Every structure is written in structure tokens, then in C-alpha cells.
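The values are calculated or read from the model by the stated rules, or taken from the named source; none is laboratory data. Note that the coordinates shown come from a computational prediction; the quantities given were computed from them, not determined experimentally. Cβ placement follows ideal geometry from the backbone for every residue including glycine, while neighbour counts extend to all protein chains displayed.
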């Protein structure tokens, strides 16, 4: 027995969704390998890998969340620092969730775009301050860059944190504004792909 028309259409929509998710994951992973060091702190790297994930989250937060483990694992398997990739993944999450929720709530308006960009940058900076105060001192001791936790805390507070705040504010703004701009250009194509 053949499939009904409804089953065929449902299958095609499913395959389109899978194609969108895998395409965005592939693009995010490829873009992760092209990094530009932050001028004042070369251990912080700018890359455009979060933009495809953020665009995917605007389409569906569920799909973006399902993409994060793959986005984390492939660079780690390719030799990236697991702690650094964890921090990058957390930064991505703290950027695209507030952006998507607010952007959708305001029906993709200009006010919603400005508000979602602003709050996603603030969210990213706050989350990364917390994570860097929590994780980085231990990482500095483990890597041998600090003698003990006390000197690591001092280094994080006075040397690293100011650069981390500036870096995350800049990258958060770039990711959020670029994602909304690109989404607005390709919105019809994405929604046609999803239906």
C-alpha cells in the first residue's frame, strides 16, 4: 500500500527541518575554525559560529538546543579546549535564548529587535562574568598559570574580567544584530522551508 498525500507531505516537511538543522550546525562548526583574536587579550577569539545557531533559534529554540551538543563536540574532537568550548557554548545559549524570546514576543518589530539585542548582550555578559568567576580560577591553577586559587582570583578579577566583559559585549552585539539582520533577509525562505 502506498502512503497517503498527507504522510508524504509530513515526511517532506520533516526532511526539510532536518536539512535546516544539519545545515546550520555544519555552518556553525565550520565558522568556529575561523577565529580572530581580541586585540587586548589574544586568548579571547571572535568568530561568527554563533550566528547560524542564533538564526536557528529564532526559527525554533528546540532545534537550536538540539544543535548545541554537536556544536560543542566537533571542535573538541578536532582539538579545541573542552573548557573553552563549554564557555563558548554557554555564551551562545545565554545570547540566543533571550534574543529569541523577546524578538518573538514583539512580533519581530524594530522595538523588539533593539530590546532583544540589548537584553541578549546583557544576559551574555552577566552569564560570562559568573562563569569566569567560577571556572577560570580553577582552570588557571590547573593549567599552571597561577600558583594557587587566591592568586588566580586576583588575576581573574583585575586582569581578565575587564577584557572578558568588553569582549562578550562586543561579540554579543555582533551576533545578535547580525542574526536578526540575516533572519529578516531570509525569513520567507526559512519559513517556506519549515512548511
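Points worth noting:
- The listed residue being assigned to a helix (DSSP H, G or I), in contact with a helix residue (DSSP H, G or I) (Cβ under 6 Å, 6 or more places away or on another chain) and without any contact (Cβ under 8 Å) to a residue 60 or more places away in the chain, out of 117, 70: 70
- Selection status of residue 26, modelled with pLDDT of 95 or more and either in contact with a strand residue (DSSP E or B) (Cβ under 7 Å, 6 or more places away or on another chain) or under 28 Å from residue 187 (Cα atoms) (or both): yes
- Test: residue in region 46-54 that is closer than 15 Å to residue 173 by Cβ and in contact with a strand residue (DSSP E or B) (Cβ under 8 Å, 6 or more places away or on another chain): yes
- When residues of region 28-44 are limited to those that are free of Cβ contacts under 8 Å to residues at least 24 places away in the same chain and outside any loop (DSSP other than H, G, I, E, B), the one surrounded by the fewest Cβ atoms within 10 Å (Cβ to Cβ): 42
- Pairing residues of region 141-167 that are within 18 Å of residue 124 (Cα to Cα) with residues that are assigned to a loop (DSSP other than H, G, I, E, B), at Cβ distances under 8 Å and at least 6 apart in sequence or on separate chains, gives 163/40; 166/40.
- Some residue of region 98-105 being exposed (fewer than 15 other Cβ atoms within 10 Å of the Cβ), more than 18 Å from residue 63 (Cβ to Cβ) and either over 13 Å from the mean Cα position of the chain (by Cα) or in contact (Cβ under 8 Å) with a residue 40 or more places away in the chain (or both): yes
- Selection over region 121-135 of residues that are more than 21 Å from residue 35 (Cβ to Cβ) and surrounded by 12 or more Cβ atoms within 10 Å (Cβ to Cβ) gives a count of 6.
- Any hit, region 155-162, residues being assigned to a helix (DSSP H, G or I), touching a strand residue (DSSP E or B) at 6+ places or on another chain (Cβ under 8 Å) and over 19 Å from residue 28 (Cβ atoms): yes
- First in region 6-22 and in contact (Cβ under 8 Å) with a residue 12 or more places away in the chain, second anywhere and loosely packed, with under 12 Cβ neighbours inside 10 Å, Cβ under 8 Å, 6 or more apart: 13/195
- Residue 65, sole failed condition from (1) surrounded by fewer than 17 Cβ atoms within 10 Å (Cβ to Cβ); (2) more than 19 Å from residue 165 (Cα to Cα); (3) at pLDDT below 95: (3)
- Pairs, first on the phi > 0 side of the Ramachandran plot and part of a helix (DSSP H, G or I) in region 168-195, second loosely packed, with under 15 Cβ neighbours inside 10 Å and modelled with pLDDT under 95, C-beta under 7 Å, six or more apart: none
- Residue satisfying all of: in region 136-152; assigned to a helix (DSSP H, G or I) and surrounded by fewer than 16 Cβ atoms within 10 Å (Cβ to Cβ); nearest to the chain's Cα centre (by Cα) among these: 138
- Odd one out for residue 52, checked against (1) modelled with pLDDT of 95 or more; (2) surrounded by fewer than 16 Cβ atoms within 10 Å (Cβ to Cβ): (2)
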